[in-house]
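Every read-out reported here was derived from the displayed coordinates using simple, explicitly stated rules and does not represent laboratory data. This structure is a prediction, so every number in the text was calculated from the model and none was measured. Note: ideal-geometry Cβ built from the backbone for every residue, glycine included; neighbour counts use all protein chains shown.
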Amino acid sequence: MIYVDADACPVKDEVLRVAARRGLKVAMVANRWFRLESDPLVERVIVPEGPDVADDWIAERAVSGDVVITADIPLAARVVSAGALALGPTGRLFTADNMGMALAVRDLGTQLREADPLSLQTGGGPRPFSPADRSRFLQALESAVRRAERLASSSQ
């Protein structure tokens, strides 16, 4: 199963392509309606508005052998601790080994933004998503799916 933290996810189409090719189920989870082609393997999950509602929905269900696509580092930490694989939209695989550093860098960035609110006015946000980013993500997703399949078969 692939779970996608679908709010503002730039790689939904890539996830759907890989899932269709491999016959995998996908849950696209968001707190608002979004367009999605009809497919029996794909479930659109609309959760209520609120902080972390989509994250909670995914974290309560993800288990070993699942892949979670998210840019949300705390969600990645939760699903990694549950045994699932977490992959960022840039292709970064979150693991138990790199999760502590990812959380620390995230927290440091939050503290720096809070210490200098004017820095928010000069920042331009993340750089645009490029074709190279999409390619890197596709390769990482294929690798994560193969790894998840091995984890699922070894736990049965």
Checklist outcome for this item: Taking 0.36 nm per residue of separation between Leu41 and Val53 and subtracting their Cα-Cα distance, the length gained on full extension comes to 2.0 nm
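I want the local charge near Ala144. Using Cβ-Cβ distances under 13 Å, sum +1 for each Lys or Arg and -1 for each Asp or Glu among the other residues. List each step's numbers first, then the result.
Numbers: positive: Arg22, Arg92, Arg136, Arg146, Arg147, Arg150; negative: Glu14, Asp66, Glu142, Glu149.
Summing Lys/Arg as +1 and Asp/Glu as -1 gives +2.
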Checklist entry - Fewest first, what order do Met28, Met1 take by the number of other Cβ atoms within 10 Å? => result Met1, Met28
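In what order do Val29, Val80, Val63, Val45 fall by count of nearby beta-carbon atoms within 10 Å, going from fewest to most? Can you show the working numbers first?
On the way: Val29 25, Val80 21, Val63 13, Val45 16.
Ascending number of Cβ neighbours within 10 Å: Val63, Val45, Val80, Val29.
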